[in-house]
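Here the structure comes first, spelled out in structure tokens, and everything after it is commentary.
Read-outs: derived from the displayed coordinates by stated rules, not from any lab. Note that this is a predicted model, so its numbers are computed, not measured. We place every Cβ from the backbone using ideal geometry, glycine too, and count neighbours over all the protein chains shown.
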Amino acid sequence: MSELLLSAQNLVKRFGGLAAVNGVSVDLHRGRIHAVIGPNGAGKSTLTNLLSGDLPTTSGQIRLNGQDITGLSPERISRQGLGRSYQKTNIFLPFTVRENVRLAAQSRERHAPFNPLHWFSAATHMAEANRRCERALELAGLTARAGSVAAATSHGEQRQLEIAMTLATEPTVLLLDEPLAGMGAAEAETMVALLHRLKAEHAIMLVEHDMDAVFALADVLTVMVNGQVIASGTPEQIRNDEGVQAAYLGEEH
Ligand SMILES: Nc1ncnc2c1ncn2[C@@H]1O[C@H](COP(=O)(O)OP(=O)(O)OP(=O)(O)O)[C@@H](O)[C@H]1O
């Protein structure tokens with residue numbers, strides 16, 4: 001059995017009269033990519049925001065690495081091992097690739113408790129942040145581009161950089177929101193290979209519209225429509241599910 005790292009039970013999120021997420025449960029295991037798919041407005045981003053703490057739940061429970069994280073701030077949840085990338089980029093374009101990743105690595109130290117040996121502790125934290133930064137660059141395949149100014153990198157490299165920035169806090173669970181958006185075929189291939197590499201050490205939830213990539217990558221798929229899960233299973237089960245075909249995949253698959 002693979003290790004269960006994140007478990008969300010019966011999540012509900014209401015915006016006024018609209019239940020954007022309506023009774024959704026999802027389990028994320030180390031070594032698995034769990035894709036969440038569904039048409040526009042299905043509730044995928046809202047679900048991601050609930051898991052990361054960016055939005056408070058209306059009801060339901062979320063456990064991360066065995067701890068109840070329901071209602072915690074995004075910073076606390078990040079420090080407990082959840083990393084997420086955003087649809088909208090967080091990259092600081094005038095900085096180099098390495099500087100961006102280092103800032104993300106340092107963000108973990110922001111709320112470090114006061115220590116009277118402050119200078120010593122600061123130096124230790126700096127060395128630790130550097131180590132996390134270099135590891136994240138390497139994992140994301142960006143070591144050779146680390147000295148480039150982010151603004152001068154390609155679209156695909158910027159998406160890799162977002163993942164490196166997420167990895168810099170050393171999460172066990174990764175929530176990735178459309179990491180392939182706007183990519184050409186070659187860039188998408190690089191990203192698919194990167195996500196394959198990352199899954200050995202992480203539990204990954206992937207929200208993605210590129211169905212070729214989803215079916216190439218996912219070990220498990222959850223299909224959402226109107227805030228609810230209409231099917232969950234292996235790619236094969238989802239492909240053959242008549243409800244899914246009718247509601248979402250249409251003639252495409
Ligand atoms: N902050 C908000 N306030 C009110 N309604 C919202 C808010 N955020 C999302 N919604 C609504 O909740 C529903 C689900 O939206 P959500 O963005 O989660 O869908 P999605 O599946 O991620 O869509 P897409 O694939 O287009 O990103 C939509 O009807 C949306 O309009």
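The helix-only estimate of mean residue ellipticity at 222 nm for the chain, built from DSSP H runs of length n ≥ 4 each weighted as -39500 (n - 2.57), is -10500 deg cm²/dmol after division by the residue total. Going from the residue with the fewest nearby Cβ atoms within 10 Å to the one with the most, Asp177, Asp212 rank Asp212, Asp177. Model label points for Thr89 and Gln61, set 7 angstrom from Cα along the Cα-to-Cβ axis, are 4.1 nm apart. Angle of helix 118-139 to the longest C-alpha principal axis of the chain, folded into 0 to 90 degrees and rounded to 10: 50°. Put in line by how crowded their Cβ is, counting other Cβ atoms within 10 Å and starting with the fewest, Ile62, Ile204 read Ile62, Ile204.
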